[in-house]
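The values are calculated or read from the model by the stated rules, or taken from the named source; none is laboratory data. Please read these numbers as outputs of a predicted model, since none were measured by experiment. A quick note on method: Cβ atoms are made from the backbone with ideal geometry, for glycine too, and the neighbour counts reach across all protein chains shown.
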Amino acid sequence: MSTDPLRIHLSLVSHTNIGKTTLARTLLSRDIGEVADRAHVTETTDDYVLARSPEGAELILWDTPGFGNSVALAKRLAGRSNPVGWFLSEVWDRMANKTQWLNQRALKHVKDVSSVVLYLVNAAELPETAPYVKAEMHILEWIGKPVIVLLNQIGQPRPPSAEQGEVERWSRAMKEYPIVSGVLSMDAFARCWVQEFTLFDAIGRALPEELDSAFESVRQTWARQRRAAYASSIEALVNYFNKLAGEREVAPTPRMIDQIKFLGKRLGLVKNENIHDPAEAAQTALSARATDDFCALTDRLIVANGLKGKGIRKEILQRMQSDWSVTTRVDPRQAAVAGAIGTGAAGGLATDLAAGGLTLGLGTLIGTVVGAIGGAGIAMAYNHKKEATGVVVSWSDAALRNFFVEAVLLYLAIAHFGRGRGNWVESEYPPFWRSTVDEVLEPMKLDSRNLAAHFDEVVRAVLLKLYPEARF
């Protein structure tokens, strides 16, 4: 083992093509190595600084070649203590089986320098039936260092109870191996940064006491970086929402005859599609700006979370045209006009209008403005009120609340997007995320116009519901 008290070594090992380099990129927040869907992509043992403290302590992450034939490899390692076994390992394999020889060299390096071994497994497989797990645990016993088992390839994020069930299943399978100090869920594609705090806690528990001081210093440095990224994300969310809450568009006050035409069109009594409604034009202008603002928010969150890529406006515009719903408060005088011009059905509508408002099913909908989080979309609502200069169109309280929820869901999607996955791409978010956000918001009874001040509070509460074991 390395005797430098300021250098702590983590070795990432696994069966071939399980996703070590992908996870390494996610943990390091930068691109390293080569990622491809084939066996033995990584052929060398490479080290990368995961964190460095001002005092000079370093946490080093080693990316190693994947295990190939684990059973044969375990036999080779077990026989290295006798001359024939040494010859087969160091001479014969070097000429006849280069992959196995590289594996042995990498594992000898892990044995010599590692403080803790991070063993990545495919969580989609059953630990008791995966043919290579037992052999690889023998290899890790030969290495003789504390092991943390990381469950990869778990698919889309799932409710905490489902993920915990996966962890408990693998924990039971690992009980017979004293070297295993912990089992954690750590998917290279869909982990959230707060899960990395849980990983650091597990590493701290596995390290020998003499490394505690150095580890704590690099842990604090790393934690500050993660919290800074989170703070930048919250700032972007706040700025985005404050701009939306202050948005307004002024449309010219229509003449009475035009009001009759507009209302007739909305009620389906006038079929002329060329009737120009200034209020609708104002709604469209607000919606277009909201789309641009959401794209800009996506870009800011991508950068703040150490990812690459950009939000795609084209997909957003397609979704904008897929659903229309507007809540409009109509002046009682317009309601009376509606009753005057309509049939019996229109008269019924006029009664509803005079009572305070009606959803007419018209207007503009941003919809599910980001494909990464999907969902039913935002029903856009507008408040119209008369002023001397015309009709002022702005977002209603209901619309602002929906904007807030969608912004939180966007953040969750980006915060769960592992860098090893490549450039940011939009995809559907798990439905339980929205229900979790709603559970957090429901008892808070927040003023829709002042929601921006509560982004940090709400996002933290959601993350704690999703990852109750995390200390971030």
Original post:
Can you find even one residue in region 162-175 that is at pLDDT 90 or above, out of contact with any helix residue (DSSP H, G or I) (no Cβ under 9 Å at 6 or more places or on another chain) and under 27 Å from residue 48 (Cβ atoms)?
Top reply: yes
Subject >> Residues of region 180-220 satisfying the condition of being part of a helix (DSSP H, G or I), of a type in the set (A, V, I, L, M) and within 22 Å of residue 459 (Cβ to Cβ) >> reply: 194, 199
**OP:** Would you mind finding the one in 185, 115 that is crowded, with 17+ Cβ neighbours inside 10 Å, touching an Asp or Glu at 6+ places or on another chain (Cβ under 7 Å) and either touching a residue at least 40 places away in the same chain (Cβ under 8 Å) or assigned by TED's automatic domain parsing to the domain that holds residue 421 (or both)?
**Re:** 185
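Does region 151-158 contain any residue that is out of contact with any Asp or Glu (no Cβ under 9 Å at 6 or more places or on another chain) and not charged (D, E, K, R)?
Looking through region 151-158, none of the residues is out of contact with any Asp or Glu (no Cβ under 9 Å at 6 or more places or on another chain) and not charged (D, E, K, R).
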Original post:
When you scan region 148-170, how many residues do you find that are among the aliphatic types (A, V, I, L, M) and in contact (Cβ under 8 Å) with a residue 40 or more places away in the chain?
Top reply: 2
**OP:** Please identify the pairs in which a residue from region 453-472 that is outside the structural domain of residue 219 (by TED's automatic domain parsing) has its Cβ atom under 6 Å from the Cβ atom of a residue that is of a type in the set (Phe, Trp, Tyr), counting only partners at least 6 apart or on another chain.
**Re:** 470/197; 471/197; 472/197
Original post:
Just a yes or no: is a residue in region 190-211 modelled with pLDDT under 90, more than 23 Å from residue 392 (Cβ to Cβ) and assigned by TED's automatic domain parsing to the domain that holds residue 12?
Top reply: yes
Subject >> Criterion violated by residue 233 - all others in (1) crowded, with 20+ Cβ neighbours inside 10 Å; (2) of a type in the set (S, T, N, Q); (3) more than 19 Å from the chain's Cα centre (by Cα) satisfied >> reply: (3)
